[in-house]
Each structure stands twice: as C-alpha cells, then as structure tokens.
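Everything on this sheet refers to the single structure shown next.
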C-alpha cells in the first residue's frame, strides 16, 4: 500500500518510481519476431497488443512508426505501462480485462512480475512441476475485475479498430475467450500473432492449439507455420 501511495504521489508531480537494477523475468515463450511477422507489422495500419504487461515491445513498434493500442488487465502494473509508453506519441494504453462476456471475473495474479497472470488458475501439471518445472511459477493472489468484450470496449472508447489491423495476443490461456468477444472487430484484422499451448498449462477452459486453429480457420485465417513447440507464438494471416 505504501509503495502504491508513493508511486501515485511522485506521478502527481511528474516523476516515476523505478527500482535500480530491476531484472525483468523472461517470458520464456516470446521468441524474436520472424521475417513473416515483421512483414505483417510493416504493412499494417497499426498494432493491437492484447496482454500488454509492461510494453517491452514499445520501442520496436516506434521504430516501425506504427500506432499502437495496448490493453492490459492488471491494474497494479498498468501505471508502469503508461509511464513506459508516454514518450511514444502514437501509442496509447487501456486498462481492461478482456473476455467473451461483460461481467465480473476473478483474475489470478502470478509471481515473476505478474507475467503469467490469467483468468485461469495454473493447471495441476504446472503446480506439480510436470510442466514449467524449472520456472517456479505460482499464483500469488486473486483480484476481482470487470471483464469486457473487446467489441464492447472499443465501442465504449470510440476507437476505430480498422486503424489496428495487426493483432498480438499474449493472454495466458484466454485467447479463444477474447476472440469470441471480438467477432465484429475480427473482420478488420489482417494478421495476428497468438501465444498457443498444446499442453494443459492452465486449468480446464483455457485455450488449446487445436481449438484455436479451428476457430481462426472458421474466420478465414490461415496459420503461417505450425507451432515449433508446446508453448510458443504462431502467426495467422487473413486469407481474403
């Protein structure tokens, strides 16, 4: 509580609280972008990044001179995200939990700088160290948030989604839920990079690769290259 108070007080006077030599954890999923992903970014009208965390890709997006809409669910790190992107004049951020319904929802906050936080708890395979066995991941607390469909959020904020037609989804198991809440917006998406799983990293109900691929194929997307591992990023492109 005291740390949050100090951060808000400093921000009021135009300063930021930064921990010296703070080591950000590896996501151990996100690989360097492929040539195909860079091609999609270059030709895009803008980038929609869902699951922003602290916006570590902001400088890269700025280098490509792209407008960016970041959306991050965790209110405890959202102010840090805003501070990070405030010098990139084409980038804006929204604090919102996305899903397939407009309702209250429990959000699980993880350790490792909250990088594995999700609407789903970790699976027993992760808790029992059968998966991610060397990562020591755990959920530290639960918070109550208001979940919104992306379609609803964009309408409320009066945002033209056609200005952001390359999507990045890093949502820790809730990818299908968020896409189901984005049916109207999905029509304007030309390409997307999605974090996928072939194994049960989060509890039942989280997105699995087979289901995600089927859903996106039904909406005229084609996978650029099949997944290289059980938990990785995959590029999809609109066929038409």
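The values are calculated or read from the model by the stated rules, or taken from the named source; none is laboratory data. Quick caveat, the model's predicted, so the values are computed rather than measured. Note that we place each Cβ from the backbone using ideal geometry, even for glycine, and neighbour counts take in every protein chain shown.
Would you say residue 61 is surrounded by fewer than 19 Cβ atoms within 10 Å (Cβ to Cβ) and either in a loop (DSSP other than H, G, I, E, B) or in contact with a helix residue (DSSP H, G or I) (Cβ under 9 Å, 6 or more places away or on another chain) (or both)?
Judged against the criteria, residue 61 is not a match.
Filtering the range 89-112 to residues that are surrounded by fewer than 17 Cβ atoms within 10 Å (Cβ to Cβ), part of a loop (DSSP other than H, G, I, E, B) and in contact (Cβ under 8 Å) with a residue 12 or more places away in the chain leaves 90, 101, 102, 111. Screening the range 125-231 for strands (runs of 3 or more DSSP E) wholly inside it with 2 or more residues that are closer than 18 Å to residue 73 by Cα, within 15 Å of the chain's Cα centre (by Cα) and in contact (Cβ under 8 Å) with a residue 24 or more places away in the chain returns the ranges 139-148, 166-169, 191-197. Just one of the numbered conditions (1) part of a helix (DSSP H, G or I); (2) surrounded by 17 or more Cβ atoms within 10 Å (Cβ to Cβ) is not true of residue 39; which one? All conditions are met except number (2). Being surrounded by fewer than 21 Cβ atoms within 10 Å (Cβ to Cβ), within 30 Å of residue 136 (Cβ to Cβ) and out of contact with any helix residue (DSSP H, G or I) (no Cβ under 7 Å at 6 or more places or on another chain) is the requirement here; does residue 34 meet it? Yes. The numbered conditions (1) out of contact with any strand residue (DSSP E or B) (no Cβ under 6 Å at 6 or more places or on another chain); (2) surrounded by 15 or more Cβ atoms within 10 Å (Cβ to Cβ); (3) modelled with pLDDT of 95 or more are all true for residue 214 except (2).
The number of residues in the range 52-88 being at positive phi and in contact (Cβ under 8 Å) with a residue 60 or more places away in the chain comes to 1. Looking at the range 108-119 only, could you name the residues that are touching a strand residue (DSSP E or B) at 6+ places or on another chain (Cβ under 9 Å) and under 10 Å from residue 139 (Cα atoms)? Once the filter is applied, which keeps residues that are touching a strand residue (DSSP E or B) at 6+ places or on another chain (Cβ under 9 Å) and under 10 Å from residue 139 (Cα atoms), the range 108-119 yields 108, 109, 110, 111, 114, 116, 117, 118.
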